[in-house]
C-alpha cells in the first residue's frame, strides 16, 4: 500500500485518547480512513497502555495522516489536553477507541460549522451501539441526547445532563484558546467543558443524522470512574446554575423554589447553597409532604405554586416522565422555560 502524503494543513484534527484499547482501536481507525472528507489527521495519545495499542497505531501509520504520541499513564484529561496541544487543524474532532464514525461524519459536521460561523461546536445524533433491551437505560439516554439539536434546545437542557456525546463533537480551535481546554477534578471532564463553554456563550448544534455509533462497553470510564457518579454531576452543575440565576437577577424578592421534596432531590439541590443560592420552598406531588415543612421550608403542591413573579423554579426530579410533566404544569401556570424555570435533573 502506498503511504498517504502528510497533509500540511488538515481541515480537522481528530483527538483519540487510548488506554489499553487494542480490542477496538483498529475498528475506530478504519472508520476514519473510510471518511468522505480526506483532509484529516488522527492524533492518538497512548496513555501508558500495556497492551498492543501502540503497535496497532504504528501499523496504521502507512497512512501518514495517523500520528502517535505516547506518554506515561496520567488519565484521560492529560491525554485529551496533549491531543489538543498536538493538533494542527483549525477544527478539532473527538473520537473514542471503542466508537465508530459513519463515512460522512467529518464532512457533514465540518460543513455545518462552515455554513454557520456563529456556531462553535458541531455534534451529531448517535446510533446506539448495543442491544437496546439489555441496556435500556443507556438506550433511553441516547434517545434523550438525540432529541436536542438546535442551539436553544441544547442550552435549555444543559443542566439536565450532558446534552451531547463527547466523541461526537467537532469544535473550533479558537474556542479552546479563548475559554480553555479540559479541566481535572472530581467531575466528568466533558460535561464540565460543555457547561463552561455554554456559560461563555458558545453555541452548540447537531447535524440531524446519526453519524457515530456509540458503544457502551463494560470498560467505559462512565461506568467505572467515580468522577462519573451521579452526585458528581449535581455538584458540578451547581455553580453554573448559580451563575445563571445571578445573571437573571434572581434575588430574595423572587425566591428559588425546588420541585421535589424527597431526600434524593433535596440532596441534589443542597449543592446550590454552597454558591449562595437560598431555597425558598419545595414543590411536590406527595400528599404526605404537601403542607408540611422540611428543613425549615414549606412544601406546596402543584396547584398552589407561587406565580412566576414571585418564584423561579428548579426542577430536580429525575424519575422517568417527570420532567415533561413538570414542564407542562409550570407552563400552565404561566412559567416560561429559562426565563422562569430550569430543569436540572
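Residue by residue through the range 144-175, note down the ones that are in contact with a helix residue (DSSP H, G or I) (Cβ under 6 Å, 6 or more places away or on another chain) and more than 27 Å from residue 271 (Cα to Cα).
Residue satisfying the conditions is 170 alone.
For the range 120-145, what are the residues that are surrounded by fewer than 19 Cβ atoms within 10 Å (Cβ to Cβ) and modelled with pLDDT of 95 or more?
127, 143, 144, listed by residue number.
What residue, of 78, 28, 21, 93, is assigned by TED's automatic domain parsing to the domain that holds residue 169 and surrounded by fewer than 20 Cβ atoms within 10 Å (Cβ to Cβ)?
78
Please work out if residue 59 is surrounded by 21 or more Cβ atoms within 10 Å (Cβ to Cβ), out of contact with any helix residue (DSSP H, G or I) (no Cβ under 7 Å at 6 or more places or on another chain) and on the phi < 0 side of the Ramachandran plot. Talk me through it step by step, then tell me what you get.
Numbers: surrounded by 21 or more Cβ atoms within 10 Å (Cβ to Cβ): no; out of contact with any helix residue (DSSP H, G or I) (no Cβ under 7 Å at 6 or more places or on another chain): yes; on the phi < 0 side of the Ramachandran plot: yes.
In short, no.
Considering each of 242, 238, 261 in turn, give the residue that is more than 18 Å from residue 318 (Cβ to Cβ) and not assigned by TED's automatic domain parsing to the domain that holds residue 17.
242
For the range 318-325, indicate whether the set of residues that are in contact with a helix residue (DSSP H, G or I) (Cβ under 9 Å, 6 or more places away or on another chain) and either surrounded by 19 or more Cβ atoms within 10 Å (Cβ to Cβ) or within 13 Å of residue 282 (Cα to Cα) (or both) is non-empty.
Scanning the range 318-325, I find no residue that is in contact with a helix residue (DSSP H, G or I) (Cβ under 9 Å, 6 or more places away or on another chain) and either surrounded by 19 or more Cβ atoms within 10 Å (Cβ to Cβ) or within 13 Å of residue 282 (Cα to Cα) (or both), so the answer is no.
Would you point out the residue of the range 57-77, among those that are over 29 Å from residue 111 (Cα atoms) and without any contact (Cβ under 8 Å) to a residue 60 or more places away in the chain, that is nearest to the chain's Cα centre (by Cα)?
Among those residues, the one meeting the criterion is 74.
Looking at the range 239-256, is at least one residue over 24 Å from the mean Cα position of the chain (by Cα) and at pLDDT 95 or above?
The answer is yes; a qualifying residue exists.
Tell me which strands (runs of 3 or more DSSP E) are completely within the range 109-228 and hold 3 or more residues being within 27 Å of residue 320 (Cα to Cα), or say none if there are none.
119-129, 203-215
For the range 101-122, state whether one or more residues are outside the structural domain of residue 247 (by TED's automatic domain parsing) and under 14 Å from the mean Cα position of the chain (by Cα).
Taking every residue of the range 101-122 in turn, at least one turns out to be outside the structural domain of residue 247 (by TED's automatic domain parsing) and under 14 Å from the mean Cα position of the chain (by Cα).
I'd like the full set of residues that are touching a strand residue (DSSP E or B) at 6+ places or on another chain (Cβ under 9 Å) and closer than 18 Å to residue 155 by Cα, limited to the range 318-338.
323, 327, 335, 337 - these are the residues of the range 318-338 that are touching a strand residue (DSSP E or B) at 6+ places or on another chain (Cβ under 9 Å) and closer than 18 Å to residue 155 by Cα.
The values are calculated or read from the model by the stated rules, or taken from the named source; none is laboratory data. It should be emphasised that the depicted structure is a prediction, and the values quoted were computed from it without experimental measurement. Using ideal geometry, Cβ is built from the backbone for each residue, glycine included, and neighbour counts are taken over all protein chains shown.
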